[in-house]
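> One structure is given below, represented as structure tokens, and several questions about it will come after.
The values are calculated or read from the model by the stated rules, or taken from the named source; none is laboratory data. All values derive from a computational prediction rather than experimental measurement. Here the Cβ positions follow ideal geometry from the backbone for every residue, glycine too, while neighbour counts run over all protein chains shown.
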Amino acid sequence: MHLMRADDLGDGSSHTAPGMGLDISDDLSLLTPSPDSVFEGGWDQQGAVCLRQWRLPGEDRRAAAAIVAHLRGGYGETTCSRETAKRQGALVFSGTFARASRPP
């Protein structure tokens, strides 16, 4: 699954690091978001539809530009929300945990 590897483009490349917490949720209430996580993006079968923030600080600018061009719902805190992701066809949503905390 693209979301688990942070495969934003759906091309097999990962944009995460070992030990980074991942919170997965959906709109069916099968998976609910943790109150300790921050919304990160929405995902469909092909990869990310929008991202609110990068998983890795200092993401390579060329890789970042390719990812932003791929995102139907855009990139950034004011552009990507859970609602935006849903309108763009997201089926599941990702969240990240602050570096100081670990997922429950």
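> Cβ contacts < 8 Å: first residue touching a residue at least 40 places away in the same chain (Cβ under 8 Å), restricted to the range 21-39; second residue of a type in the set (K, R) and exposed (fewer than 14 other Cβ atoms within 10 Å of the Cβ), any location; separation 6+ or different chain. Result?
What qualifies is G21/R102.
> Within the range 30-62, track down each residue that is over 15 Å from the mean Cα position of the chain (by Cα) and at pLDDT below 85.
G58, D60, R61, R62
> When residues of the range 64-86 are filtered for being outside any helix (DSSP H, G or I) and touching a strand residue (DSSP E or B) at 6+ places or on another chain (Cβ under 9 Å), how many remain?
Residues in the range 64-86 being outside any helix (DSSP H, G or I) and touching a strand residue (DSSP E or B) at 6+ places or on another chain (Cβ under 9 Å): 9 in total.
> Right, next: Quick check on S25: is it in a loop (DSSP other than H, G, I, E, B), surrounded by 14 or more Cβ atoms within 10 Å (Cβ to Cβ), of a type in the set (S, T, Y) and modelled with pLDDT of 85 or more?
Against the criterion (in a loop (DSSP other than H, G, I, E, B), surrounded by 14 or more Cβ atoms within 10 Å (Cβ to Cβ), of a type in the set (S, T, Y) and modelled with pLDDT of 85 or more), S25 does not qualify.
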